[in-house]
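The values are calculated or read from the model by the stated rules, or taken from the named source; none is laboratory data. Computed from a predicted model, the values in this text were never measured in an experiment. Don't worry about glycine lacking a Cβ; one is built from the backbone with ideal geometry, like all the others, and counts go over all protein chains shown. These accessible areas exclude ligands, DNA and RNA; they are computed on the full protein's heavy atoms, side chains included. Shrake-Rupley method; radii C 1.70, N 1.55, O 1.52, S 1.80 Å.
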Amino acid sequence: MRAVLVKDGKGPSGSLHIGEVPIPVIGNREVLVKIKAFGLNRMDISQREGKYPPPPGSSTILGVEFSGTIESISPDVRNWQVGDEVLGLAGGGAYAEFIAVKQTHIIRKPNYLSWVDAASIPEVFLTAFQALVVIGQVGSNDNVLVHAAASGVGIAAIQLARIYGAHKVIGTTSTQTKIDWLLKLPNGPTDAINYKTQDFALVSKQITGNKGVNVVIDFVGKTHFNKNIDVLAVDGRMTMLSLLSGTTVEEVNLMPILYKRLHIEGSTLRSRSVEYQANLISRFRDEVFAKITGEAGPGPIRTFIHKVYSWNDIRLAHEEMEANNNSGKIVVEVD
């Protein structure tokens, strides 16, 4: 089969090319999916650069989310058959014509979702659901602060916060163009802050009547950490998903963590056990998935696609994400 490969195993976007590799052999309780489209994620860039190896046992080919049709199934698979249209999550291997995946890690694609819509859902919405609902325990009338609000996970988290009854949903981003775009979204943030020109902790306190926020979803790390601690309310919860600005905070006042009884938890999804992922996917499917109606749908949750590329232009797709140009999801179609 054809797949997107990285010359010499790691390198810049220019090292990406389409080559030939063997079709995956399915194991117990697995299905083989012929891929129609796959989503891009920042972890793909990190893996391409040699900084984020796939979990043990996963394909070394890039890509963790996809949509497509089931090509074959192992004899012990139940409730799936050849020809079923699905979307799914994997530890790797989505930048290819075919992928082998556990039967627990796919969701049936409804007709109202396009292949592009479907491919944009698994990683971002499951990551947001895990961070906001499972870990953050968002509740009715909570105030929520979402960093990297114009990213795929950010937009997913914002919409989830709205449907779970949050009061104020505040998004931070780096440009006025992205703020204007966010504030026009159906079920977008109630408020948006340019963290480069404004103190997001101070402004968030003003927005919430000095109550602070109950849940923070953070991707940034170093530069945002102390302000996140400052803006969290009593019994506040922060889920840390990435460390884009760096890993070391030189000075931290621990007192607010103690007297505000803060909960701070780091989270990943790709490295979790198969059983954990299966349970998360099942809960997400039962609680949220039917509410996602696609980019052109009526809501209450929509996908937002920044741009669709042919996989022949995979280098351009990576460069677009590396330049931080996207508002919404970058998706690639397999030709």
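Listed by chain and number, the lysines placed with their C-alpha closer than 20 angstrom to that of Lys34 are Lys102, Lys109; residues fewer than eight positions away on the same chain are left out. Surface analysis of the chain yields an accessible area of 43 Å² per residue, using protein heavy atoms and a 1.4 Å probe. What a 1.4 Å probe finds exposed on the chain is 50% carbon and sulfur by accessible area, rounded to a whole percent. Ratio of Rg to Rh for the stretch 205-312: 1.06 [Cα atoms; Kirkwood radius as inverse mean 1/r over pairs]. Ellipticity at 222 nm from helices only: DSSP H runs of n ≥ 4 in the chain, each -39500 (n - 2.57), divided by the residue count, give -7000 deg cm²/dmol. Build a GNM of the chain with springs between Cα atoms under 10 Å apart, and of Ser120, Ser174, Ser245 the one that fluctuates most is Ser245.
Computed over the stretch 136-266, the quotient of the alpha carbon radius of gyration and 2.2 N^0.38 Å is 0.96.
What is the list of residues in the stretch 126-148 whose amide nitrogen lies under 18 Å from a point 7 angstrom out from the Cα of His167, following Cα to Cβ? It comes to 137-146, nothing else. Just so you know, the Cα atoms of the chain work out to an Rg and Dmax of 19.7, 59 Å. If I take all pairs of Cα atoms in the stretch 1-140, what percentage of them are more than 23 Å from each other? Value for the stretch 1-140 (Cα pairs over 23 Å): 36 percent.
Accessible surface of Thr248, taken over heavy atoms with a 1.4 Å probe and every protein chain present, rounds to 80 Å².
When only alpha carbons are used to place a centre, the stretch 99-157 and the stretch 237-312 end up 7 Å from one another. Here the label points at Ser74 and Lys10, each 7 Å from Cα along the C-beta direction, are separated by 3.1 nm in the simple model. In the chain, a dipole from Cβ-located charges (positive for Lys and Arg, negative for Asp and Glu) runs towards its positive end, and of Gly165, His306, Gln198 it is Gly165 whose Cα lies farthest in that direction.
Straight-line reach from Lys227: taking Cα to Cα under 21 Å and skipping same-chain neighbours fewer than 8 places apart, the lysines in range are Lys168, Lys196, Lys205, Lys211, Lys260.
Under a 10 Å cutoff between Cα atoms, tell me which one of Val249, Val134, Val215 has the largest fluctuation in the Gaussian network model of the chain. Among Val249, Val134, Val215, the largest GNM mean-square fluctuation belongs to Val249. For the chain, DSSP calls about 55 percent of its internal beta bridges antiparallel. Comparing Trp311, Trp115, Trp80 in a Gaussian network model of the chain (Cα springs below 10 Å), the most mobile by mean-square fluctuation is Trp80.
A run of the chain free of exposed loop cleavage sites, with GluC sites (Glu not before Pro) counted only in DSSP states other than H, G, I, E and B and at most 13 other beta carbons within 10 Å, reaches its longest extent at 1-249.
A Förster distance of 22 Å, applied to the separation of the beta-carbon atoms of Ile264 and Leu202, puts the FRET efficiency at 0.60. Free of any trypsin sites (Lys or Arg not before Pro) that DSSP assigns to a loop and that have at most 12 other C-beta atoms within 10 Å, the longest stretch within the chain is 79-183.
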